[in-house]
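Student: Here it is: the structure, laid out below.
Every number here is computed from the coordinates shown, using simple stated rules; none is lab data. Source: prediction; values computed, not measured. Quick reminder, even Gly has a Cβ in these numbers, built from the backbone with ideal geometry, and neighbours come from all protein chains shown.
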Amino acid sequence: MCAAPVGRGGGPGSNTTVLAASELRAAWPLELSKRAALGWILLATLAAVLLRVPRLDQEITHDEAFSWLGYAVESYEQIFTTYHQPNNHILHTALMRLSSQVFDGHDEWMLRAPAFVSGVATVPATAGLVAAALGSPTAGVVAAWHLALHPSHVSYSTSARGYSSLVLWTTLAWWSALIAQRGRRWFWLGFGAAGLLATWTLPSGGLFLLSLGGWSAWRARKDHGAGNGAFAAGTVLTASLASLAAYGYVLDDLLTASERWGTKVWADPVASLRTLASGFTLLLGGGAVVAIVSSAVLGAIRLAQRCGGLAVQVAVVAMFPILVAVVSGMAGPGRSYFYLLPATSILVAVWVVDSNTHVRRLGAVLCAGALALSGWSLLHFQSRDHGFEALAQAFDARSGREALIAPLFVDVPLDLYTGDAEKHGLLRVLEEGVLDALLFVWLDTDPRAQFSNYALTDSDSLYHLQMPEKPFDEVYRGGDMRLLALTNGSRVYPRQGTKWQITSGQADLRWYTPAFGSEPAMRIDSDRAGFTLIEKTRFASNWEGLMAITYAGRLGVAGPSLCEETESSWKPGVSHSGQTRPMAATDAAGHSWTLENRLVVVKPGVYYALCITGTGGGERYVSDLVYTYFPLVSD
């Protein structure tokens with residue numbers, strides 16, 4: 001049967017019955033008692049645990065590491081009031097920090113524990129939701145096993161991100177709404193609370209809150225009178241306002257992040273279709289997509305034919321984000337719509353309560369196929385660990401005046417393992433004013449981490465460097481990772497007789513107490529227009545090379561670089577960052593500094609000068625500045 005909300009007179013509401021309970025048991029001998037269903041749900045939950053636990057110790061991925069290093073290591077105040085990038089799934093980030101404090105560390109499983117607990121808890125919650133929606137304990141069992149073996153859900157349940165938490169809260173909210181729709185009005189409070197938590201985890205949870213909440217409030221008024229409808233609407237409104245207040249402090253950052261990371265629907269229709277496809281692929285299980293799609297499509301068709309009210313409810317929840325994207329012109333990444341997974345769970349279990357024997361048989365076959373394919377893909381899962389920990393140990397053992405360079409998409413997760421050693425190496429360089437070597441991370445399995453196409457960034461721009469491998473010495477190899485050292489460097493700065501001058505903008509330059517080394521620091525106070533600061537000595541090289549620029553920075557933006565001489569001015573070169581997230585250290589006076597290493601390509605026969613550029617007004621500091629030139633030639 002399709003469970004129906006009870007009307008004002010106690011009879012059925014708009015949802016129609018496919019089979020009465022007694023008829024269903026007669027026509028479908030496998031319909032389980034509640035006790036038997038509970039046993040199968042517990043088995044599904046156990047299976048979910050067993051499938052997820054082995055993945056908790058995998059290497060941290062880029063987004064997980066960014067969530068930890070960028071947000072979860074900070075104070076709770078910072079977590080709840082910062083949203084520079086979408087990696088901050090605020091409520092889940094706070095739980096990551098809590099987990100690291102409880103377990104006193106940041107091992108992989110500690111960071112993933114909140115996602116794991118949420119993912120496992122969602123299995124019985126989904127069973128409850130689907131059993132309530134379809135009026136069948138057996139349907140709940142099917143949904144529980146579907147989720148326990150769902151490849152995408154397994155992945156997100158073992159990822160230190162907020163997606164499994166998002167699904168848990170939307171599942172609990174939907175379950176509460178179904179109960180409330182049958183006249184138990186206090187469950188609207190559960191819907192509002194869970195909807196708020198979903199939105200506080202990811203902003204896309206607000207789409208669920210508004211769509212299901214709005215539809216349910218309208219149904220409550222129609223089925224149970226104005227009083228119940230007003231109570232439901234008030235709860236939805238309160239939860240929505242509370243969600244808005246939760247993001248109030250970071251609303252501008254949230255809108256900026258949406259503009260930067262979202263897909264412009266009308267400006268790039270192809271990208272919009274890719275976003276839609278990626279969202280569907282995640283919802284429908286990745287490797288088991290064909291069987292799950294077939295089962296979900298069958299469920300959608302039969303749901304629309306037999307359970308009109310529930311079908312409308314599912315359709316409203318599923319179509320609302322598409323409508324919002326079309327109207328606003330902006331869509332989030334496909335994974336942000338993972339909150340729709342409960343709708344998929346309902347659809348794949350609809351066949352259980354169908355009155356047509358042939359449909360039930362077909363549904364059983366498709367369901368069995370989907371579960372088999374999902375289980376097979378999970379059992380044949382192979383870890384994609386690169387060997388970050390072993391490389392980190394090799395780098396730490398060197399303990400020299402060296403800087404580690406890693407390509408984009410590798411540098412952030414690697415920092416979780418090498419961060420302390422990187423910081424120690426950079427501090428030695430700054431303290432002693434000498435950089436002995438640049439150590440580049442190479443991956444055999446990723447062309448972005450090879451010298452024919454080495455991916456680095458300059459602020460927000462992505463560049464691909466091309467370098468010959470011959471000048472480098474291999475100092476480590478393990479798995480698909482190598483560590484290649486460039487050791488033929490010569491110090492260009494600091495040196496005697498240097499003199500800096502302002503060539504553009506208005507700025508006041510003063511010497512300042514050094515942060516870590518013996519060389520003076522610069523205090524630069526500029527106007528709003530920005531500035532360019534040039535060291536008067538120009539130089540040129542006969543060979544192509546890399547200029548490594550190591551320094552400590554504080555307060556406003558000031559970027560040491562090389563400026564190329566042109567006919568009328570000095571042109572700042574592209575300053576590639578050696579790490580996406582700079583290390584941080586505190587000096588003896590208690591001031592916090594970022595430790596940075598930048599790379600500028602030096603072209604032969606071109607005249608350069610050392611330079612520092614800055615944007616915006618205010619004061620900023622550059623300390624312990626070291627320029628080291630590494631020619632890209634072999635002996």
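Student: Could you work out the relative contact order of segment 33-379, using alpha carbon pairs under 8 angstrom and six or more residues apart, expressed as a whole percent? Please list the in-between numbers first.
Tutor: Values: 551 pairs, mean separation 66.6, N = 347.
About 19 percent, as a whole number.
Student: Over the alpha carbons of segment 33-379, what is the largest minus smallest coordinate on each principal axis, giving the biggest first in Å?
Tutor: Over segment 33-379, Cα extents along the principal axes are 56, 51, 42 Å.
Student: Arranged by the count of other C-beta atoms within 10 angstrom, fewest first, what order do 474, 64, 469, 59 take? Show your work: numbers first, answer last.
Tutor: Values: 474 11, 64 25, 469 15, 59 18.
Least crowded to most crowded, the residues run 474, 469, 59, 64.
Student: Can you run phi through the Karplus equation (6.51, -1.76, 1.60; θ = phi - 60°) for segment 592-604 and list ³J(HN,Hα) in whole Hz, with x for Gly and Pro?
Tutor: 8, 10, 8, 9, 10, 9, 10, 10, 10, 6, 9, 9, x
Student: Also, quick follow-up: Taking segment 491-631, how much of its Cα-Cα pair set, in percent, is spaced more than 28 angstrom apart? Let's see the in-between values first.
Tutor: On the way: 1267 of 9870 pairs.
Pairs farther apart than 28 Å: 13 percent.
Student: Span-like helices, the chain: DSSP H, alpha-carbon axial extent 30 Å or more, mean Kyte-Doolittle -1.0 or greater, which ones? Could the numbers behind the result be given before it?
Tutor: Numbers: long enough: 108-134 (39 Å, 1.19); 357-379 (33 Å, 1.06).
Long hydrophobic helices here: 108-134, 357-379.
Student: Give me 628, 263, 513, 93 sorted ascending by neighbouring Cβ count inside 10 Å, so fewest comes first.
Tutor: Details: 628 24, 263 21, 513 13, 93 28.
Fewest-to-most ranking of 628, 263, 513, 93: 513, 263, 628, 93.
Student: Also, quick follow-up: For the chain, what does the relative contact order come out to in percent, with C-alpha contacts under 8 Å and a separation of six or more? Mind showing how you got there, number by number?
Tutor: Details: 1296 pairs, mean separation 75.7, N = 635.
Over the chain, the number comes to 12 percent.
Student: Two decimals is fine: what is log10 I(q)/I(0) at q = 0.07, 0.08 Å⁻¹ for the chain, from a Debye sum with one equal scatterer on every Cα and no solvent?
Tutor: These q points yield log10 I(q)/I(0) values of -0.55, -0.68.
Student: Under 8 Å for C-alpha pairs, at least 6 residues apart: give me the relative contact order for segment 388-490, rounded to a whole percent.
Tutor: Details: 163 pairs, mean separation 28.5, N = 103.
Over segment 388-490, the number comes to 28 percent.
Student: Moving on to the next point. Between Rg and the Kirkwood Rh of segment 388-490, both from Cα atoms, what is the Rg to Rh ratio? Can you show the working numbers first?
Tutor: Values: Rg = 13.1 Å, Rh = 13.9 Å.
In segment 388-490, Rg relative to Rh is 0.94.
Student: I've got another one for you. Where does each of 273, 408 land when they are ranked from fewest to most other beta-carbon atoms within 10 angstrom?
Tutor: Numbers: 273 12, 408 20.
In increasing order of surrounding Cβ atoms, one gets 273, 408.
Student: Counting only other residues whose beta carbon sits under 14 Å from that of residue 601, what net charge do I get with K and R as +1, D and E as -1?
Tutor: Values: positive: 571, 598, 603; negative: 458, 544, 564.
Result for the neighbourhood of residue 601: 0.
Student: Placing +1 at every Lys and Arg Cβ and -1 at every Asp and Glu Cβ, with all other atoms neutral, what dipole size does segment 388-490 have around its Cα centre, in debye to the nearest 20?
Tutor: Details: 8 positive and 18 negative charges, 44 e Å.
Magnitude of the dipole: close to 200 debye.
Student: Can I ask one more? Along the charge dipole of segment 377-497, pointing to its positive end and built from +1/-1 on Cβ of Lys, Arg, Asp and Glu, which listed residue (486, 378, 413) has its Cα farthest out?
Tutor: Value: 486.
Student: With +1 on the Cβ of every Lys and Arg and -1 on the Cβ of every Asp and Glu, and nothing else charged, how large is the dipole of the chain about its Cα centre, in debye rounded to the nearest 20? Before the final figure, lay out each step's value.
Tutor: Working: 46 positive and 50 negative charges, 613 e Å.
Using Cβ point charges on Lys, Arg, Asp and Glu, the chain gives about 2940 debye.
Student: Using only helices, what value at 222 nm comes out for the chain when you add -39,500 (n - 2.57) per DSSP H run of length 4 or more and divide by the total residues, to the nearest 500 deg cm²/dmol? Provide the component values of the computation, followed by the final result.
Tutor: Numbers: 20 runs with 302 residues, N = 635.
Taking each H run of at least 4 residues, the total per residue is -15500 deg cm²/dmol.
Student: Of 463, 99, 263, which is farthest towards the positive pole of the chain's charge dipole, taken about the Cα centre with +1 and -1 on the beta-carbons of Lys, Arg and Asp, Glu respectively?
Tutor: Result: 263.
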